[in-house]
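What follows is one structure encoded as structure tokens, with my remarks underneath.
The values are calculated or read from the model by the stated rules, or taken from the named source; none is laboratory data. Treat the numbers as computed from the prediction; the structure is a model and nothing was measured. As a convention, Cβ positions derive from the backbone with ideal geometry for all residues, glycine included, and neighbour counts pool all protein chains shown. Just so you know, the surface numbers come from the protein's heavy atoms only, side chains and all, with ligands and any DNA or RNA stripped out. Shrake-Rupley method; radii C 1.70, N 1.55, O 1.52, S 1.80 Å.
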Amino acid sequence: MAEIIGQKDNFGAVQVQGLSEFIKDIKKARDKGAANTLIREANERVAKVVIRMARTLANTKQERKAAATLEVSSSTTSVQVRMGGKEAPYAGGANFGSYQNQRRLIKAPNQRGRRSRATRVREGESLLKVATRVENQFVSRSGRTIKRREGTEENRVKLATNSRGGFKVINGWNQFRAKGNAPTVWVKGKDQFLYRAVTLTQDQISKSYQEFIDKMIGEAFPDKSQAA
């Protein structure tokens, strides 16, 4: 029997214990295609509840743009809410915040004129040591790190330099904040709108799934005494 146990932790997940077994039983009792359709509809319904709440909670301009990209990704066993993409590549930072005042080494453009992802210099690390490690790496034309034996000097990683010839370093990521407020600092399990939306709608999610479970049981296993 499927049982809704709610969020296991504070990381935006609601679990339905025994759901896989329940779905298998339902598919045996009724048309498999119809069962799949109903299960997906139930998943998408609760996801849309979360999305509506998340968009209500989004506060800053960045957060609202990120929340506008929220969309449902559903299967018969789970449903996820995704965001970001080309419309808001900063969505993760807008929702979860970020590390603050982190030094990053900027890489020079590759053969296609694109820059690889910047390398963070952690607190206490030697800038020169990190730079040496980076410049001993190789990348493919697409920017993927590859093994040294596959590389040549032409695709060795090069670091960008400033006007004085030193390594180009920028501090980040301090851009995620409400106007006039301190930057939003990343803290495990906390966010601005998405996880919070799951927490605030948990009762509604549980009720929706319970209604779905009860309906499926009633249709798949009708009471024979009442049918007579």
Any residue in segment 191-201 that is at pLDDT 85 or above, under 30 Å from Asp25 (Cα atoms), in a loop (DSSP other than H, G, I, E, B) and not charged (D, E, K, R)?
yes
When the residues of segment 5-28 are narrowed to those that are loosely packed, with under 14 Cβ neighbours inside 10 Å and over 28 Å from the mean Cα position of the chain (by Cα), which ends up modelled with the highest pLDDT?
Lys24
Collect the residues in segment 88-119 that are open to solvent by 50 Å² or more (accessible area, probe 1.4 Å) and out of contact with any Asp or Glu (no Cβ under 9 Å at 6 or more places or on another chain), keeping them in residue-number order.
Pro89, Tyr90, Tyr99, Asn101, Pro109, Arg112, Gly113, Arg114, Arg115, Arg117
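Output the residues belonging to segment 57-87 that are surrounded by fewer than 20 Cβ atoms within 10 Å (Cβ to Cβ) and under 10 Å from Leu194 (Cα atoms).
Answer for segment 57-87, where residues must be surrounded by fewer than 20 Cβ atoms within 10 Å (Cβ to Cβ) and under 10 Å from Leu194 (Cα atoms): Leu57, Val81, Arg82.
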Only strands (runs of 3 or more DSSP E) wholly contained in segment 37-135 count here; list those with 3 or more residues that are more than 18 Å from the chain's Cα centre (by Cα) and modelled with pLDDT under 95.
102-105, 119-121
Thr69: passes all of (1) in contact (Cβ under 8 Å) with a residue 24 or more places away in the chain; (2) closer than 21 Å to Val49 by Cα but (1)
